[in-house]
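Working notes for the structure below.
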Amino acid sequence: MGIIDGKYDVTVEINSVQQLTLRLFDIETQKEFMITLVYAKCDHFDRIELWDSLYYLAQDMTIPWLVGGDFNVIWDEEEKFGGLPVPLNEVDDFRHCMTTCNLSDLGFKGSIYTWWNGRAEEDCIFERLDRVFANFEAQQLWPGMEVTHLPKIVRENWEADLYANPFILFNHKLKKLKKALSTWSRATFGDIFQKIASLEEVVRVHEAQFEINPAKQNRERLQKVQAELIKYLALEEKFWKQKARMQWFNDGDRNAKLFHAHVNGRRKRLQLKRIQNTAGVWIEDKEEMANEAVQFFQK
């Protein structure tokens, strides 16, 4: 038993290879709670020992309890990109343990994936292996709890793996990072434009179904796909804003053809052929055009 910063009395309940469970007592609020920090084994059979220890803890758990860390297994197939499918018995064991222990996933903000194997193209694998669970008492005690997946991919790929001239090294880092971010983008968002086209069609179908039968279930389905479409439209706007570097971009406007033309037409606009002077006369001579531009802005 010990004291942290004069605020918490801490007792170690379990200290094993796959988990560390602490019982904490807040001296100020007189509240007691448990925290289990997990670092699960990669092997399925080794993880059974972890599940059994959590079952044991949950038997008489009546205080707030947080369980988080690297569980080394996904919750469902949507949490993995690339590689071989995860055996269903591994997923089922994980789900059964959390459900039986009355623990709920707190969700997350940020990218869905928390682990990457560091490879690219067909060998690339992304998974969500890290998460935080809480029992009902913990969610009541801390109703505003949030989990955020911080971006790690940049730091990993910015580390130098060779010795060279600083300029050559900088160029090498940029290329390495670009490749990693491209892979991450495809895994996380996929083809944004294809997704929007598909979702627009799905929304039209659900709108028609709701008009025929305005039942609660049809309304909820329509609202769900509409929300998904709005999310991808926002991503599309961000894409074009970054691509075109438009300072005048207004949130909410969406015109993919206009933005695409803006990106592809930069070079053409730099090759100015003619302008109209203040009298409404078109002039094409480069020197006259330059003088007219100067006079215009001087006024």
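General observations
- Residues of region 26-71 that turn out to be without any contact (Cβ under 8 Å) to a residue 60 or more places away in the chain and aromatic (Phe, Trp, Tyr), as a count: 5
- Only listed residue being open to solvent by less than 30 Å² (accessible area, probe 1.4 Å), closer than 18 Å to Ala134 by Cβ and part of a strand (DSSP E or B), chosen from Met34, Met98: Met34
- Phe193 being modelled with pLDDT under 80, out of contact with any strand residue (DSSP E or B) (no Cβ under 9 Å at 6 or more places or on another chain) and open to solvent by 90 Å² or more (accessible area, probe 1.4 Å): no
- In region 107-120, the residues that are part of a loop (DSSP other than H, G, I, E, B) and either open to solvent by 40 Å² or more (accessible area, probe 1.4 Å) or farther than 14 Å from Asp130 by Cα (or both): Phe108, Gly110, Ile112, Thr114, Asn117, Gly118, Arg119, Ala120
- Residue in region 69-80 that is at pLDDT 90 or above, over 18 Å from the mean Cα position of the chain (by Cα) and open to solvent by 50 Å² or more (accessible area, probe 1.4 Å) present: no
- Of the residues contained in region 17-25, one or more are found to be without any contact (Cβ under 8 Å) to a residue 60 or more places away in the chain, more than 18 Å from Ala138 (Cβ to Cβ) and either assigned to a strand (DSSP E or B) or touching a helix residue (DSSP H, G or I) at 6+ places or on another chain (Cβ under 7 Å) (or both).
- Hits in region 37-47 (condition: part of a helix (DSSP H, G or I) and open to solvent by less than 60 Å² (accessible area, probe 1.4 Å)): His44, Arg47
- Of all residue pairs spaced 6 or more apart or on separate chains, none has beta-carbon atoms under 8 Å together with a first member in region 171-185 that is β-branched (Val, Ile, Thr) and a second member that is open to solvent by 70 Å² or more (accessible area, probe 1.4 Å) and not in a helix (DSSP H, G or I).
The values are calculated or read from the model by the stated rules, or taken from the named source; none is laboratory data. The model shown is predicted, which means the values in this text are computed figures rather than measured ones. Here Cβ is always computed from backbone atoms with ideal geometry, including for glycine, and neighbour counts include all displayed protein chains. These accessible areas exclude ligands, DNA and RNA; they are computed on the full protein's heavy atoms, side chains included. Shrake-Rupley method; radii C 1.70, N 1.55, O 1.52, S 1.80 Å.
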